[in-house]
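Read the structure below first, then the notes.
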Amino acid sequence: MEAFKQITSRAIPLPIENIDTDQIIPARFLKATDRKGFGDNLFRDWRYDKSGEPNDNFVLNNTEYAGEILIAGDNFGCGSSREHAAWALKGYGFKVIVSSFFADIFRGNALNNGILPVQVSGAFLKNLFNHIETDPETLISVDLESQTISISGTEVSEAFEIDPYKKMCLLNGYDDIDFLLSKRELIDTFEETHFQIS
Amino acid sequence: MKKTLFDKVWDAHVVQQIDGGRDILYIDKHLIHEVTSPQAFQELEDRGIPVLRPDQIVATADHNTPTVNQHLPVKDALSRNQLEQLSRNCKKHGITLYALGHKYNGIVHVMAPELGITQPGMTMVCGDSHTSTHGAFGTIAFGIGTSQVAQVFASQCLLLKKPKSLRITVNGKLKKGVLPKDVILYVISKIGTNAGTGYFCEYAGDVFENMSMEGRMTVCNMSIEMGARGGMIAPDSVTYEYIKGREFAPKGGNWENKLNYWKSLPTDDGAVFDKEHHFDAQDIEPMITYGTNPGMGIKINGRIPEEHSASFEKALKYMNFRAGESLINKPINYVFIGSCTNSRIEDFRIAADYIKGKQKAPNVTAWLVPGSKQVEAQIVAEGLKDIFVQAGFELRQPGCSACLAMNDDKIPQGEYCVSTSNRNFEGRQGQGSRTILASPLVAAATAVEGKIIDITQHLN
Ligand code: SF4
């Protein structure tokens, strides 16, 4: 996994609540057997109309907006456990997703793929949307080390929480497999007694 | 210390506690299917790691399979490739696979319980969010992402923070025509789609105690729709009866040992939950959804509420419904009875019971999709298939089907589908499709009438 430390980028606003994984990547695109190419179908049914033409009203097709940060409404990533949603966001080029709430499984999937989910207060989220709407060139900075998100050139900033273990993993580009494999002896010992009781 | 059911099972599976509040949790059973496993196998291969415990993994093909002509080669090349990849991976790593056409093939959450693979006190995972279904047996069961599938392949463990505990108690007697699906749709409509985030939920009270295993599975299945990772119901005699004698159920002296263990699992009196909700069975009516998340549910004879938020308005616009409107008499052209929520034998018995002696409305395309080969066989054996066929219905072959519309079973753009599945997200059943979630009884009645009817009037 790639390490993540700090990013300053413009951001793409998507002020819709309860964006579920079926919207992020519809099921009909889950037939691949590798992790590549999902970015092309990110938000497919919002991004393109039935005939495959880009939908002008959708923010990803609006050239005013760009960047590696997605700012989304409350309860982002609810629904299915498909990690394809994280692969699609990553494939498209997003490194950070900001919302006031993330669904559990999505949060884990994002972190396992080097995408940082930044959970902010509802008021801060609103503030971000306002700034970006007024000026699409607004730069947002996310610093993992100090756990802060801020609007560049302003005093506007907020601290965010992240699990210390996950933070360490992201900063160093480690993943859980490395860690779990280092515990192999413990796991073997556990198994010896486990199957006798349960 | 007084412990909850969840605590007891979780604590018995902790290999080690890590600093920062994480546990290495041992996984007893790992279920896999064609869609979320290929990248995990690839990951292992790339890193040169073997599958640690292939005999604790069971595979099935379900998400991406056709529900007609299963004996023929799968037409869609990408789907076929995904299915072949699963077969190759299982063969290579020595994993049991119930491939398309096998007598045990079926939706992963229907197949495992009916084979007795799911047992109380276990930890189970699958790369599918509705793994919560297995919690009906007093099992800690939850959905995981593909990276975690790879972790379990490699180590039979996951690194997790212990979730908080939530208990939902429903006491009293359910009214006529109110099914387990209505109970869970009601609960979600009351507490919302993210009320359970960060929690593992236990369902308690007479309503669940008096429910069949099929009903309990329907309830636990939808735990994820309120954001919870999983739901559980304490094992009792109903659970033991269900498991006894099934293919992989413990046998002989082992049965007695297990039974003793299972009996120790229910939540201790006085154990404390982080959050509790109480509901009264008498308040629950047959339910239906009107929006684009499972929390947007109303009593079938109720009216769509008035709310002023961008997402509420967006949902109504997508569904082409108005605030304040009743759904009774809405013409419906598609009905789907299936999915891991409602595709067990009991669901088809309920549907057949209503349909018997009636005819399907001419405007309706109805898909009846059993959850597994075994359910399919039972439908035939119990004579339910004859009832369906005489009423003009077609029984299809098992699979996830129109629940997620990965195969050809898609609801056309703009059409409404009254569906027994679990998600009414935009486009879930096909691009532009409009899903209305309901119980198998409401779905059957809709198919017969060609429109939504007030089932409560009908029953009295
Ligand atoms: S039936 Fe639907 S919800 Fe259940 S496993 Fe299949 S796709 Fe998922």
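The values are calculated or read from the model by the stated rules, or taken from the named source; none is laboratory data. Worth saying up front: this structure is predicted, and the values here are computed from it rather than measured. Reconstructed Cβ throughout: ideal geometry from the backbone, glycine too, with neighbour counts over all protein chains shown. The area values use the complete protein model at the heavy-atom level, side chains included, leaving out ligands, DNA and RNA. Shrake-Rupley method; radii C 1.70, N 1.55, O 1.52, S 1.80 Å.
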(request) Run the numbers on region B:315-411 and let me know its relative contact order in percent, using alpha-carbon pairs under 8 Å that are six or more apart. (result) 31 percent
(request) Return the FRET efficiency for the residue pair B:Lys103, B:Glu306: r is the Cβ-Cβ distance, R0 is 56 Å, and the value is rounded to the nearest 0.05. (result) 0.60
(request) List the extent of the Cα atoms of region B:176-223 along each of their three principal axes, largest first, rounded to whole Å. (result) 30, 19, 17
(request) Quote the convex hull volume per residue of region B:243-304, based on C-alpha atoms, as a whole number of Å³. (result) 210 Å³
(message) Which of A:Phe124, A:Phe102, A:Phe76 ends up with the largest GNM mean-square fluctuation for chain A, with Cα atoms connected below 10 Å?
(response) A:Phe124
(request) Compute the relative contact order of chain B as a whole-number percentage, counting only Cα pairs closer than 8 Å that sit 6 or more residues apart in sequence. (result) 17 percent
(request) Using the Karplus curve 6.51 cos²θ - 1.76 cosθ + 1.60 with θ = phi - 60°, work out ³J(HN,Hα) for each residue of region B:427-438 in order, rounded to whole Hz, and write x for Gly and Pro. (result) x, 4, 9, x, 3, x, 6, 10, 9, 10, 7, 7
(request) Relative to the compact-globule scaling 2.2 N^0.38 Å, provide the ratio for the alpha-carbon radius of gyration of region B:315-392. (result) 1.31
(request) Report, largest value first, the span of the C-alpha coordinates of region A:82-198 along each principal axis, in whole Å. (result) 64, 28, 25
(message) For a bin width of 10 Å, list the pair-distance distribution of region B:223-331 built from all Cα-Cα distances, rounded to whole %.
(response) 10, 26, 23, 19, 16, 6, 0
(request) Would you mind getting the Kirkwood hydrodynamic radius of region B:266-375 from its Cα pairs, rounded to one decimal in Å? (result) 17.5 Å
(request) Between A:Thr134, A:Thr63, A:Thr33, find the one with the highest GNM mean-square fluctuation for chain A; connect C-alpha pairs within less than 10 Å. (result) A:Thr33
(message) On alpha carbon coordinates alone, what is the Rg over Rh value for region A:1-100, Rh being the Kirkwood radius?
(response) 0.94
(message) Can you pull out the trypsin sites (Lys or Arg not before Pro) in region B:315-348 whose DSSP state is coil and whose Cβ has at most 16 other Cβ atoms within 10 Å?
(response) B:Arg322
(request) Calculate, for B:Glu276 and A:Glu161, the FRET efficiency according to 1/(1 + (r/R0)^6) with r their C-beta to C-beta distance and R0 30 Å; round to the nearest 0.05. (result) 0.75
(message) On a straight-distance basis, which lysines could pair with B:Lys360 in a cross-link, Cα separation under 19 angstrom, same-chain partners fewer than 8 positions away excluded?
(response) B:Lys330, B:Lys385, B:Lys451
(message) What distance in nm separates the two pseudo spin-label positions at B:Asp76 and A:Glu185, each 7 Å out from Cα along the beta-carbon direction?
(response) 4.9 nm
(request) Please compute the net charge surrounding A:Ile97, taking Lys and Arg as +1 and Asp and Glu as -1 over other residues with Cβ under 11 Å from its Cβ. (result) +2
(message) Can you give me the Kirkwood hydrodynamic radius for region A:106-150, using every pair of distinct Cα atoms, in Å to one decimal?
(response) 12.0 Å
(message) At 7 Å along Cα-to-Cβ for each site, give me the label-to-label distance between B:Asn69 and B:Phe248 in nm.
(response) 3.3 nm
(request) Could you tally up the Lys pairs in chain A with alpha carbons closer than 15 Å? Skip any pair fewer than 8 positions apart unless they're on separate chains. (result) 5
(message) Return the Rg/Rh ratio of chain B with Cα-based radii and a Kirkwood Rh.
(response) 0.95
(message) For the pair B:Ser237/A:Ser141, report the inter-label distance in nm, with labels modelled 7 Å from Cα in the Cβ direction.
(response) 6.8 nm
(request) Return an integer: the convex hull volume of the alpha-carbon atoms of region B:42-121, in Å³ per residue. (result) 114 Å³
(request) Quick one: Debye curve from the alpha-carbon atoms of region B:369-437 only, equal weights, vacuum; give me log10 I(q)/I(0) at q = 0.17, 0.23, 0.25 Å⁻¹ to two decimals. (result) -0.67, -0.97, -1.03
(request) Take the alpha carbon gyration tensor of region B:130-278, find the square roots of its eigenvalues, order them as a ≥ b ≥ c, and report rounded if a/c is under 1.5; if not, report prolate when a/b exceeds b/c, else oblate. (result) oblate
(request) Using the Kirkwood radius over Cα pairs, work out the Stokes-Einstein diffusion coefficient for region B:5-275 at 10 °C and 1.306 mPa s, in µm²/s as a whole number. (result) 82 µm²/s
(message) Keeping every protein chain present and rolling a 1.4 Å probe, give me the accessible area per residue for region B:120-185 in Å².
(response) 17 Å²
(request) Averaging sequence separations of C-alpha pairs under 8 Å and six or more residues apart, then dividing by the length of region B:369-456, give the relative contact order as a whole percent. (result) 20 percent
(request) From the C-alpha gyration tensor of chain A, pull out the three semi-axes of the equivalent ellipsoid (sqrt of 5λ each), sorted largest to smallest, in whole Å. (result) 32, 23, 14
(message) Among A:Leu30, A:Leu125, A:Leu116, which one shows the highest mean-square fluctuation when chain A is modelled as a Gaussian network with alpha-carbon springs under 10 Å?
(response) A:Leu30
(request) Stick to Cα atoms and the Kirkwood definition of Rh, then tell me Rg/Rh for region B:290-457. (result) 0.97
(request) Compute the whole-percent fraction of alpha carbon pairs in the protein assembly as shown spaced more than 45 Å apart. (result) 14 percent
(message) Summing both sides, how much accessible area is buried between A and B? Use a 1.4 Å probe and give Å² to the nearest 100.
(response) 5100 Å²
(request) Sum up the charges of everything whose Cβ sits under 15 Å from the Cβ of B:Val389, counting Lys and Arg as +1 and Asp and Glu as -1, but leave B:Val389 out. (result) +1
(message) Nearest 5 percent is fine: what portion of the DSSP beta bridges confined to the protein assembly as shown is antiparallel?
(response) 35 percent
(request) Would you kindly find the accessible area of B:Met211, with a 1.4 Å probe and non-protein molecules such as ligands, DNA and RNA excluded, rounding to the nearest 10 Å²? (result) 20 Å²
